[in-house]
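First up is the structure itself, then whatever we jot down about it.
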Amino acid sequence: MNPVAWFKEVGIADRPTVGGKGGSLGELTQAGIAVPPGFVVTTSAFEQFLEALEARAPVRARVEALDPSDLEATVALSEELRRRVMEEPVPEAVAQAVRAAYAELCPAEEPVAIRSSATTEDAEDASFAGLQDTFLWVLGADQMAARVRECWGSLYSVESMTYRRKQGLPEEGVAMAVVVQRMVDAMCAGVMFTRSPLTGDKSVITVEGAWGLGSAVVSGEVTPDRWVMGKITGEISVRDISDKHARQVPAPGGGIVEVANEAAIANQPCLTDDQLMALREVGRKVERHYGKPQDIEWALDEAGHVFLLQSRPETVWSAKDASAPVKPVEANPLAHVMSIFGGGKR
């Protein structure tokens, strides 16, 4: 199998090959949604790498043998496996394919985001969001290759292994793909929910955003602005503008750094009403495409163009819906109606 797959070649059905994040970005690309271009280092590349690791000493069997309540043993195994991942040579065919794809994507070594894309993440019944590594504003082929390896290693983080063991997921079906995607130099960024995260209301869209890269919002470093608007009408019912004291921006030499916001913009909304309406339209389009509510990461560049960085199924309220008891239906419909209006014997 090919170690590399471009977004335009894959969709959500390819999760076993490109992981949840890679499949979603491919699906969005094919649906005509504005997504920064990129490719996925496939699970085939990871499996070739892991095969070499397993040849030296077991990996998957040791993870499966873990007791998730034994933190000391989990930490020790995590440190060992992540060290081994960083030291093991990458198969030459994989290394060459990844570097060739990067050269095609970034001929002038433009900055990229490197995102873990596990096969088990962003599914409707198990969300792995945040359990594996993401690296922003990665510069150059050498940095890119090193960050891909670190993403592979993050599959063996304490949090990720513990989650899989508690879920009872077999290690044989767990693999790591890695997304390599051109960065958006974001004026502002954030998240969008096509179902209210607070009430579960499906008739509204909630948008949260702040100045700079979206990592400040996702990590909770900055309290974002928040708007709630009608999904159909576009009426904005909530405008909660926060004091955005800082933003995250590219750092010299790669990576990101936090800087203080000037007083003139700290308390200013990071989005105009027109930009909110543009986000709303994109949110509606994505939800229609998937046929269910979505949690979406977005970015707005200096020219005002909206880009989506990720879309995953909403899981919290969907799980509540699935577990809600079904009310029994009265055998006698007339008796049921009479009981509602206080009828019956007197």
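Points worth noting:
- When residues of the stretch 271-310 are limited to those that are of a type in the set (S, T, N, Q) and touching an Asp or Glu at 6+ places or on another chain (Cβ under 7 Å), the one farthest from residue 116 (Cα to Cα): 294
- Hey, residue 174 closer than 28 Å to residue 290 by Cα, modelled with pLDDT of 95 or more, assigned by TED's automatic domain parsing to the domain that holds residue 19 and surrounded by 17 or more Cβ atoms within 10 Å (Cβ to Cβ) or not: no
Yes/no matrix, rows are residues, columns are (1) crowded, with 21+ Cβ neighbours inside 10 Å; (2) more than 30 Å from residue 286 (Cα to Cα):
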site	(1), (2)
8	no, no
19	yes, no
31	no, no
35	yes, no
39	yes, no
69	no, yes
73	no, yes
86	no, yes
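- Test: residue in the stretch 272-283 that is under 17 Å from the mean Cα position of the chain (by Cα), in a strand (DSSP E or B) and among the small types (Gly, Ala, Ser): no
- Restricting attention to the stretch 227-240, the residues that are surrounded by 16 or more Cβ atoms within 10 Å (Cβ to Cβ) and out of contact with any Leu (no Cβ under 8 Å at 6 or more places or on another chain) add up to 2.
- Complete set of residues in the stretch 43-72 that are part of a loop (DSSP other than H, G, I, E, B) and either over 28 Å from the mean Cα position of the chain (by Cα) or acidic (Asp, Glu) (or both): 57, 58, 65, 67, 70
- Top-ranked residue of the stretch 147-171 - restricted to ones that are in contact (Cβ under 8 Å) with a residue 40 or more places away in the chain and of a type in the set (Phe, Trp, Tyr), ranked as surrounded by the most Cβ atoms within 10 Å (Cβ to Cβ): 152
- Subset of the stretch 177-189 (residues that are of a type in the set (S, T, N, Q) and at pLDDT below 95): none
- Restricting attention to the stretch 216-240, the residues that are over 19 Å from the mean Cα position of the chain (by Cα), of a type outside the set (Phe, Trp, Tyr) and not in a loop (DSSP other than H, G, I, E, B) total 10.
- Here residue 200 fulfils each of the conditions (1) on the phi > 0 side of the Ramachandran plot; (2) assigned by TED's automatic domain parsing to the domain that holds residue 105 apart from (2).
- Candidates 75, 35, 40: the one that is part of a helix (DSSP H, G or I) and in contact (Cβ under 8 Å) with a residue 60 or more places away in the chain is 75.
- Test: residue in the stretch 20-30 that is farther than 30 Å from residue 317 by Cα, assigned by TED's automatic domain parsing to the domain that holds residue 149 and basic (Lys, Arg): no
- Pairs where the first residue, in the stretch 230-252, is outside the structural domain of residue 209 (by TED's automatic domain parsing) and the second is hydroxyl-bearing (Ser, Thr, Tyr), C-beta under 9 Å, 6+ apart: none
The values are calculated or read from the model by the stated rules, or taken from the named source; none is laboratory data. This is a predicted model, so every value here is computed, not measured. Cβ sites come from the backbone with ideal geometry, for glycine too, and all protein chains shown count toward neighbours.
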